[in-house]
Every structure is written in structure tokens, then in C-alpha cells.
Amino acid sequence: MDSPGDADSADMVAASAPVERYDLDPDVAPASSVLPTDSPPGVSGELPTPGTQLFSCVEDFYGYLMLRGQHPLTEEHYDMARHGFNISSPTPLPSLSKVRRSIAPLVQPWLLTTSHFEADLPDGDGPVQVQFVAPSTHVRRDMMFADTYEKFLAAEKRPQSGREPEFVDSPFYQDRSAALLSDKLVSRFSLGDADVDVGDVIDVVLLAPHPAQRVKVQKAYFCSHAAGVAPGDGVHAGDFVVICEGVNDTGASGWVVGRHWPSDELPALCWFPEDGAAVQAVRQLRVVLRGHAGQGGAGSADRPRRDISGMKDGVPFIIVSLCFNTDDFQSRVGKRASLGGVYMSYLSWRFQDRRNSHACRVIAVAPARVDSDLVLEAVTADLVEGATSGWLCRRPDGAAVPVFADVAMFVGEYLQVTKSSKMMGYGAKSPCPLCSYRAPGIGGCRYGLDGSSADVGMARTSRRTRHICRAVGEACRSLSD
């Protein structure tokens, strides 16, 4: 915070003491690729004229870095350091007001290109402009410099023997569909009261008088749209199918089917004999012997390793895995107004390269009373471009390289995740904000409130859901024809 008389005292000292000036070299100008002069609409202005003097003295330079650098001081700590420095220095450190109102605006045009959008304030107040740095801008800047460029590829260049595990080695990166259980093939599942792995030997207990079948689980998957949704007791799109092989003489081959849409005529769990005999309802599944075929994820062994870089149509490319984090915070001592910070980090970097604040990229700081989630919506189009067509970047040697964005996750503390997802908090009695489901014994329903399902479009759509919708759509079109 500015102390009483802060700016006045600084001006008085500056006026009475000689100031040693450090002029910029007029022949040195920033690279035009960092801040293009032909900025599109919504992007901040033009480059300053080469030779523009930003800092009148070295004290202004260090004062700015102490407040706006990679490891900035709080305003309270800066105030203490400034008063201590000014005791013995003929040229004082600048006041907070001078840094905020005079020095920072001069430096702003030399920083990364910013975009902006208009956000309405609550209570009908006028709109406010929110500035942000697009994720592609950060990536393009980091690709240009050798130190940061090498960090994008460092995890891939590790020696094969004795390497420490990194995020790029995890199932979540290597085979995300399987890790999120949205893949067609699954390695571990629960049916009834049984937790089953592919490779286990199980007893399929049928309703009396049919005998139990002892079988070995060979494969498990969700049916695609090709199965359709026609009436009958067959297999339909979205059904969960477990392929089983008979064990010795104690069981016949067939498959267990978990219905996506069970009914009185279609039991939720059925046994389909391979010989074409009548479909039977399943009463229970019991695991008899644990196998090992399912360890590590079904289908994973058939997929090549997902690397960070590769070649497509003879053109090299790089994949950058991104993590976003938002958090509201109180920015000024003694003021209750909070700001919303939106940050980005590179998960594809090695842990040792991304564990400090230097690896954090600031997307935006939303002004007071502006929802920081609006920034996430503003950068969505940029992320879609990076995930589909890619961002064209420049390597340190000047060569062009396409970079594809892998938007991996959103991270936040309990309160922030509850706010951003519009979901109830960790102490809620009911699990879903999009319906009226409630736990037994809980009277009434707190769902259906304003905004409770505003972000339902952001919910993850699994491959199974897409196939079911496609099958239903094809059935509806055939009926209309």
C-alpha cells in the first residue's frame, strides 16, 4: 500500500538529487514477431519506436522488477524495502503509485501481445474490458528461445534405462480414452457386486434352473452404433459386452451383456450362449481366479507409444500438454475486493522444469467483480485451433514447426472447482447438479437453481455416448423415410 505522502516525498528527493540515466541503445529493438504491428482486432497496440527510453534510472528499473518480476514482492514488503533503501541512496526507489501509473504503462507495449473482451459487471453496472494473453502467444514465445524450446523435448530425450517417470509416461497421456474409461476397450470393470479384470476366471450364475457357467474373460467393450437400437432381445448400441471362453467342461463360451436400456423384457444383465441358445438373465458374477491379462490397460499394448514430437506428411510437429488453473485472491492489503487469476503450465515439461513459478504462464487477472471463468471461455477458440489445426510456431533456428495443443486438465482448490463447474461443494448430500437426484432421506432438492447446468456443454462426452446418439439418430431417420 502507498504510505501517506509516499509520492510527494519521492518526488522531493528525486528533485534534489542528481539522477544517473541509463539510456537504451537506439540500435536495439525488440523482435517484431513478439508483438506484430499489424495486430488483429482486440489485440493491443503497436511496437514503441526503437530507442524509446523506458526507465529514467536504474532505481526505476529495479523498482519495477521488484513488483512485476518473476518473484515479485508484496506491496507491503516493497514499501519496507523502499524505505530502507532510500535512507542511504541519493536516488530513491519509485513509489507504488509511480510504478503503477507511470512506469508500468511504458513497459506494457513491450510485453506479450494481449487480447481483450468486454465483461458485464453484476447489478447492471457498465461493461469492463478484460485483457488476457492467449495460450498460443505463450507457446509461440517459448518456442523461439533455445532454453525453453529444449524443455518441450527434454522428457522425450531421457535415456531409456533408469528414467524417472513423468506425466508423458502416465496412462492419462499415453491412452487417455482408456484412462477415462471412455475407450471402446476396457481392462477393468464392475458388474453387479464383482470387480473384474480381463483375464479373470469367473462364474456366471444364471437364474434357476440353468447351471452356472465357469468362463475366462477375454475382452470387454461397449457396442458401437452399428449394433443399432432395433426392438428385440439382441445386443444394442451402448450395451457393455464381456466376451468369455468356457473353462474345461464347467462352462460354455458366450458373452455377458450389460444393458444400456434395461426393461422388464430386457434384464439388466444377460448371458448370450455362443451356440445361439436362448438368452438367460444373470443373477450374479463371482470371481474364481484372478488373471493378469488386464494389467496395464486393455488394448494399450496394441497402440504405439504417444511421443511428444513426430512427423505428419513429412512435416515435424510437437505436442504440448497444457494444464489450466484459476484461483481468486485478495490483491490489496486492507481491500476486500478479490481478483481472479488464470494460469497455464506445460505438463509435457519434466517435473524439475515446471515445479517453480518460472514455469507458470499468466493468462489473465480478471478485475474485481468479473468472473474469472469468462477468461476460460475467451481462450476456448484459441485452444480449439491448437488442438485441431495446430499453432504455427518458430524454433530458435527460425524454422517453422506446427505445435498441437493437448488440453489435459483443469486444476483448482475445492472452492474454485465448485464455482467453475457449477457443482455442489464437497459437503453436498447429492452428487449431480444437472438433475433432481438426491440421497435417501434428504428432503427437497437444491438443484435446478440458476446456472446449475450452464456448463453442461463442457461435460466430457464419451465415445459410448456418441455411438448411442448416432444409432438413435439413424433409427429416427429410417422411421421418417
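Coordinate-derived values only; no laboratory data. Predicted model only: the values in this text are computed from it and were never measured. Cβ coordinates were reconstructed from backbone atoms using ideal geometry, including for glycine residues, and neighbour counts include every protein chain displayed.
Order by neighbour count: 136, 263, 97, fewest other Cβ atoms within 10 Å first, most last.
On the way: 136 20, 263 8, 97 13.
Listed from fewest to most nearby Cβ atoms, that is 263, 97, 136.
Rounded, prolate or oblate: which fits segment 181-282, taking a ≥ b ≥ c as square roots of the Cα gyration tensor eigenvalues, rounded meaning a/c under 1.5, else prolate when a/b beats b/c? Taking the square roots of the gyration eigenvalues as a ≥ b ≥ c, segment 181-282 is oblate. Specify whether the C-alpha gyration tensor of segment 118-193 places it in the rounded, prolate or oblate class, a ≥ b ≥ c being the square roots of the eigenvalues: rounded for a/c under 1.5, otherwise prolate if a/b is larger than b/c and oblate if not. Taking the square roots of the gyration eigenvalues as a ≥ b ≥ c, segment 118-193 is oblate. Converting phi to 3J(HN,Hα) with the Karplus coefficients 6.51, -1.76 and 1.60 and the offset θ = phi - 60°, segment 256-265 yields 8, 10, x, 6, 6, 10, x, 8, 4, 7 Hz in sequence order, with x at every glycine or proline. Treating r as the C-beta distance of residue 194 and residue 81 and R0 as 45 Å, the FRET efficiency rounds to 0.10. A crude spin-label estimate for the pair residue 369 and residue 116, with each label 7 Å from Cα along the Cβ direction, gives 1.8 nm. For segment 379-391, putting each phi into the Karplus relation 6.51 cos²θ - 1.76 cosθ + 1.60 with θ = phi - 60° gives couplings of 8, 4, 4, 5, 5, 4, 4, x, 7, 10, 8, x, 9 Hz, in residue order, rounded to whole numbers and with x for Gly and Pro. Of the GluC sites (Glu not before Pro) found in segment 234-292, those in coil by DSSP whose Cβ has at most 13 other Cβ atoms within 10 Å are 265, 274. Here is the list for segment 103-164: trypsin sites (Lys or Arg not before Pro) lying in DSSP coil, each with at most 12 other C-beta atoms within 10 angstrom of its C-beta, are 157, 163.
Just rank 346, 149, fewest to most, by other beta-carbon atoms within 10 angstrom. Please report the intermediate quantities before stating the final value.
Working: 346 22, 149 19.
Ascending number of Cβ neighbours within 10 Å: 149, 346.
Available extension along the chain between residue 180 and residue 479 is 104.2 nm, counting 0.36 nm per residue and deducting the alpha carbon span. Spacing of the modelled spin labels on residue 283 and residue 265, each 7 Å from Cα toward Cβ, amounts to 2.6 nm.
Give the order of 77, 260 when sorted by the count of other beta carbons within 10 angstrom, beginning with the fewest. Mind showing how you got there, number by number?
On the way: 77 12, 260 18.
The fewest-first ordering by Cβ neighbours comes to 77, 260.
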